[in-house]
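Read through the structure below, which is laid out as structure tokens, and then see the notes.
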């Protein structure tokens with residue numbers, strides 16, 4: 001299981017770095033936050049845009065001890081679960097955590 005978690009950890013870190021590098025908004029920083037001890041991975045945006053302070057989570061993932069990737073937040077138009085599948089993650093290892101359990105069965109991804 002550790003090998004799988006390490007693989008997913010690297011995959012998520014790379015994905016988030018790519019996303020952060022691809023975004024350009026004047027006054028806004030895109031920061032990747034990783035907690036490798038507890039396996040949480042986030043991309044946040046923060047800074048000032050047109051006299052308004054911005055601080056929000058774009059993506060938040062948690063790799064559970066069973067090796068499944070829980071998508072806890074996706075505040076973008078990127079179909080991230082599909083992107084993970086394209087990168088080699090089986091759909092059965094992805095849980096759309098922000099959907100209620102009764103909805104997850106119809107997503108094509110893992111329920112839990």
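Among the residues of region 59-69, are any within 14 Å of the chain's Cα centre (by Cα) and more than 17 Å from residue 98 (Cβ to Cβ)?
no
The residue that is farthest from residue 88 (Cα to Cα), counting only those in region 1-19 that are buried (at least 16 other Cβ atoms within 10 Å of the Cβ) and under 12 Å from the mean Cα position of the chain (by Cα), is 19.
If the condition is being under 15 Å from residue 111 (Cα atoms) and free of Cβ contacts under 8 Å to residues at least 24 places away in the same chain, then region 57-81 contributes no residue at all.
Take the conditions in contact with a strand residue (DSSP E or B) (Cβ under 7 Å, 6 or more places away or on another chain) and surrounded by 13 or more Cβ atoms within 10 Å (Cβ to Cβ) and apply them to residue 30. Does it pass?
Numbers: in contact with a strand residue (DSSP E or B) (Cβ under 7 Å, 6 or more places away or on another chain): yes; surrounded by 13 or more Cβ atoms within 10 Å (Cβ to Cβ): yes.
Yes; evaluated as a whole, the condition is true for this residue.
Within the option set 25, 63, being on the phi < 0 side of the Ramachandran plot and surrounded by 16 or more Cβ atoms within 10 Å (Cβ to Cβ) holds for one residue only, 63.
Values in this text are rule-based calculations from the coordinates and carry no lab data. Only a predicted model underlies this, so the values are computations on that prediction, with no experimental measurement involved. No Cβ is skipped: glycine too gets one built from the backbone with ideal geometry, and neighbour counts run over all protein chains shown.
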